[in-house]
Amino acid sequence: MTATPPPLAATGQHHGLAVALFAVVVLITLGITLWVGRRGQAAEDFFAGGRDFSPLQNGFALSGDYLSAASFLGVAGLIALYGYDGVLYSIGFLVAWLVVLMLVAELVRNAGRYTLADVLALRMRERPVRAAAGSASIVVTLLYLVAQMVGAGSLVALLLGTDSGQAKTWTIVGVGALMIVYVTVGGMRATTWIQIIKAFLLIAGSVLLTVLVLVRFHGDLADLMRTAARGSGAGQRYLEPGLKYGTGVTSRLDFFSLGLALVLGTAGLPHILSRFYTVPTARAARRSTMWAIGLVGSFYLMAIVLGLGATALIGSPAVRAANPAGNTAVPLLALDLGGGDGSTWGIALFALISAIAFATILAVVAGLTLASSAAFAHDLYARVWRGAGERVVTEHQEVVVARIAAVVTGALAIVLSLFAQRLNVAFLVGLAFAVAASANLPVLLYTLFWRRFTTRGAVWSVYGGLVPAVLLVVFSPVVSGSRTAVFPGVDFHWFPLENPGLVSIPLGFLAGWLGTLASREEADADRYAELEVRALTGTGAA
């Protein structure tokens, strides 16, 4: 998802109500966590929520995991600033779910237990593939976590009318502490219910704003688009391709690279894959994905209306003046639809939308922390770091280690986020998708569908996508060589694109193919047949 730092510096009237609503969100989510945390302490409860969520419930949770604050604020902001090109950007998020539905949902549910590495280990040598897949999962979730937490700091600081580092710091620490509590106390059950509530609030808030926009224009979408074109300052170009991504060959390649990462990365995101283990059957996993497609698709259709409404009623120059990335578009629109700055309904609607944005951050960081701690405890600690003669780790011990890992992950994310406060964090989310698409998706597809695939191919595929994705970003304009770079005063970049997906994703697939060809061992036909039967029929599934 896109850039994260949201809304405008609020006036004094906004502060109290926004803080009160934030407190309500925190108290409700903590109450759910404490209530659910008393119900079950087994490994299946902690990692998979007992596998008893319905497709509808899991569909809401999936959409909740996917729709972060960056989606809620960033996509509408891009449409408000760039019109047609912003709509194109949002399409990648929706198309990605078709990949999930067609290729991985049912098969992953049948073949795995708690993590991506479970699927790989069914037909590969366990230790090397778990080490590779577990490490890649932790990298992806940490990148995502840092972006979300820095965004939370910016959101709360700006809502409180200050841009001070201290306010951002305490917000990051507070969000980190909350996510540690959610995961250590409630596990997957609590995280799922928080996601369900967050998704409901997000969809409801979007419906409310969309209806108000359509009422303002008497349901005339053509009038809305014409008014938006006038308010954009770009005229008819606002409704045509090229306003953002048509400035040159590099710009177009960058957009293609980002779109490729978004479309393919979703199927490799650890916290999305783990959702398929919370339902009882593969059929329920597929139905969950269909619900998620409906909810996510509806949300992005409404985001188009909200983006156009912000441009029509506020104007792109005003949106850009409040925040250059356009992330203030939705709260600014809420303020205007409620009656404007100073009006009671305007302040109430602004505070409500801001509280929903805060709820989305809390829910997403909880899901990410759980996925990271599961990869550490279930894959690395229990199976990679155990010697041949050591006692097998029990499921209870895995849960204990996962809770400790959640604390460590949360602390690490807090520290990294504190150092990243002044950095442009937009690239972190795109990088998370690029790493997932480069390292996780190739090895998953090869494992499920290529009979000749070997352990060496799996390890090469993961690292062959992971390492180039990270290195290419280090040597891209994101880190150096531009005014908006992490280090604007130096220039050591040689890779022209901001998102590495165009290069690193093919490299992940290529490395898996080359590793298999170079492998001295033959693929185990019997284990592949077992995986195939289990993935397609559910026989022997957890």
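Would you mind checking the radius of gyration and Dmax of the chain based on alpha-carbon positions, in Å?
Expressed in Å, the Cα Rg and Dmax of the chain come to 22.6, 73.
Filter the trypsin sites (Lys or Arg not before Pro) in the stretch 466-542 down to the DSSP loop ones having no more than 10 other Cβ atoms within 10 Å, then list what survives.
Qualifying residues, ordered by number: ARG483, ARG520.
For the stretch 72-86 and the stretch 235-312, write down the distance between their C-alpha centroids in whole Å.
If we compute the Cα centre of each part, the gap is 12 Å.
Quick check on the stretch 74-126: what does the Kirkwood estimate of hydrodynamic radius come out to from the alpha carbon pairs, in Å?
13.5 Å
Can you pull out the chymotrypsin sites (Phe, Trp or Tyr not before Pro) in the stretch 461-519 that DSSP calls coil and that have at most 12 other Cβ atoms within 10 Å?
PHE492, TRP494
With unit charges on the beta carbon (Lys/Arg positive, Asp/Glu negative), name the residue among ALA357, VAL400, SER343 whose Cα is farthest towards the positive pole of the charge dipole of the stretch 335-405.
Result: VAL400.
With r defined as the distance between the Cβ atoms of PHE449 and ARG127 and R0 fixed at 25 Å, what FRET efficiency is calculated, to the nearest 0.05?
After rounding to 0.05, the efficiency reads 0.60.
Averaged per residue, what accessible area in Å² does the chain show with a 1.4 Å probe, protein chains only?
Per residue, the chain has 37 Å² of solvent-accessible surface.
For the stretch 233-304, give the magnitude of the charge dipole about the Cα centre (Cβ charges: +1 Lys/Arg, -1 Asp/Glu; no others), in debye to the nearest 20.
260 debye
Specify the angular offset, from 0 to 90 degrees and rounded to the nearest 10, of the alpha carbon long axis of helix 525-537 from the longest principal axis of the alpha carbons in the chain.
40 degrees
Given the rule -39500 (n - 2.57) for each run of at least 4 DSSP H residues, summed and divided by the residues of the chain, what is its mean residue ellipticity at 222 nm, to the nearest 500 deg cm²/dmol?
It lands at -22500 deg cm²/dmol.
Mind pulling the angle between the C-alpha long axis of helix 221-232 and the longest principal axis of the chain? Nearest 10 degrees, somewhere in 0 to 90.
80 degrees
Label LEU56 and ARG38 with points 7 Å out from Cα along Cα→Cβ: what is the distance between them in nm?
The answer from the label model is 2.7 nm.
Could you work out the percent of alpha carbon pairs in the stretch 254-363 separated by over 21 Å, rounded to a whole number?
Pairs farther apart than 21 Å: 55 percent.
Quick one: with all protein chains in place, what share of the accessible area of the chain is carbon or sulfur, to the nearest percent (1.4 Å probe)?
66 percent
Given the stretch 122-276 reduced to its alpha-carbon atoms as identical point scatterers, what log10 I(q)/I(0) does the Debye formula return at q = 0.10, 0.14, 0.15, 0.19 Å⁻¹?
-0.68, -1.19, -1.27, -1.29
Restricting the calculation to Cα positions, tell me the Rg (one decimal) and the Dmax (whole number) of the stretch 402-542 in Å.
19.1, 59
If you fit an axis through the alpha-carbon atoms of helix 501-518 and take the longest principal axis of the Cα set of the chain, what angle between them do you get, 0 to 90°, nearest 10?
Result, in degrees: 10.
The values are calculated or read from the model by the stated rules, or taken from the named source; none is laboratory data. Remember, it's a predicted structure, so these values are computed and weren't measured experimentally. Reconstructed Cβ throughout: ideal geometry from the backbone, glycine too, with neighbour counts over all protein chains shown. Accessible surface areas use protein heavy atoms only, side chains included; no ligands, DNA or RNA. Shrake-Rupley method; radii C 1.70, N 1.55, O 1.52, S 1.80 Å.
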